[in-house]
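Here is the structure we will look at.
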Amino acid sequence: MRKNIVAGNWKMNLTRGSSLGLVDEILEKISKDKNTEIILSPPFLYLYKIAKMCRFNKNVKVAAQNCSKEVKGAFTGEISAEMIASCAADYVIIGHSERREYFLESNDDLAAKVNNTLAENLKVIFCCGESLKQRENEIHFDWIKQQLTQGLFHLDSTKISEIVIAYEPIWAIGTGVTASTEQAQEMHNFIRNIFYEKYGNEVGEKISILYGGSCKPTNAKELFSQKDIDGGLIGGASLNADDFLAIINSF
Ligand code: 13P
């Protein structure tokens, strides 16, 4: 059985005080008997503190939003995977479209980040997604296949099992426009088939594939009911405890 996961990507939002308040509220209200894994992804500065706060709930994990493609050294302002691991994190989000677009991260950069992260025994949430133009030009399937192939498919089948995929169509992120359930399921099924082809059925069956892009309490249940949608990577709605918990409770 693969894992259901709801991850909140806070991006560059919330001060220290409001972050800790949000975590307190989530931990207090969360139902303890859920099987869903919950991942909180705060800014680096609060990662250690939040990891410590979450350590008593085995279903709640923490993720960094990024890591350096370099291992260590003279790279002012960068944060390495080793540093993240030393702050009690569990995951690193790699390849978010905002990193690809605004910070010009290439698939090769992302492959290096994946390697650095796995070398520290951290897990990876690997993001992929197409622009509206690519979808309109009907190259979205090829594009996603290329992102996965170049970013991940150098890994062997043991290492690939440490990866969670997040499919986030760029045109749905922060826009209020969600991919339709059919569009999301179609792409998730396509992604799972690529994993079947490359790594075999057993591995492909176990990979959790999350949907991201304007996922909210009002649409989460329908999205999560799809065969190949194993949860969500939530932006805006993860900044409010009640909305985030309502999404978690959509399973
Ligand atoms: P929104 O949920 O705000 O659309 O953001 C999705 C996202 O980018 C999560 O990583």
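The values are calculated or read from the model by the stated rules, or taken from the named source; none is laboratory data. Computed from a predicted model, the values in this text were never measured in an experiment. Note: ideal-geometry Cβ built from the backbone for every residue, glycine included; neighbour counts use all protein chains shown. SASA here: full protein model, heavy atoms, side chains in, ligands and nucleic acids out. Shrake-Rupley method; radii C 1.70, N 1.55, O 1.52, S 1.80 Å.
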Lone qualifier among Ala74, Ala88 - being over 25 Å from Arg192 (Cα atoms) and touching a residue at least 40 places away in the same chain (Cβ under 8 Å): Ala88
Name the residues in region 105-122 that are open to solvent by 30 Å² or more (accessible area, probe 1.4 Å) and either within 16 Å of the ligand (Cβ to nearest atom) or on the phi > 0 side of the Ramachandran plot (or both), would you? Asn121
Please list, ordered by first then second residue, the pairs with beta carbon atoms under 8 Å, 6 or more apart or interchain, first in region 124-135 and in contact (Cβ under 8 Å) with a residue 60 or more places away in the chain and over 11 Å from Ile170 (Cα atoms), second open to solvent by 30 Å² or more (accessible area, probe 1.4 Å) and within 14 Å of the ligand (Cβ to nearest atom). none
Cross-chain or 6+ apart pairs with Cβ under 8 Å, region 174-201 first and within 18 Å of Gln150 (Cα to Cα) and among the basic types (Lys, Arg), then open to solvent by less than 30 Å² (accessible area, probe 1.4 Å) and within 16 Å of the ligand (Cβ to nearest atom): Arg192/Ile209
One residue is enough: does region 139-146 have a residue meeting the conditions within 17 Å of the chain's Cα centre (by Cα), free of Cβ contacts under 8 Å to residues at least 60 places away in the same chain and open to solvent by 40 Å² or more (accessible area, probe 1.4 Å)? no
Could you tell me whether Lys72 is among the charged types (D, E, K, R) and at pLDDT below 95? no
Determine, yes or no, whether Glu101 is within 16 Å of the ligand (Cβ to nearest atom), open to solvent by 50 Å² or more (accessible area, probe 1.4 Å) and either over 30 Å from Arg55 (Cα atoms) or at pLDDT 95 or above (or both). yes
Among the candidates Leu27, Leu22, single out the residue that is in contact (Cβ under 8 Å) with a residue 40 or more places away in the chain, closer than 22 Å to Leu239 by Cα and surrounded by 14 or more Cβ atoms within 10 Å (Cβ to Cβ). Leu22
Given the structure, is Ala166 of a type in the set (Gly, Ala, Ser), on the phi < 0 side of the Ramachandran plot and within 11 Å of the ligand (Cβ to nearest atom)? yes
For region 188-251, please list each of the helices (runs of 4 or more DSSP H) lying entirely inside it that holds at least 1 residues being open to solvent by 50 Å² or more (accessible area, probe 1.4 Å) and within 15 Å of the ligand (Cβ to nearest atom). 217-224, 241-248
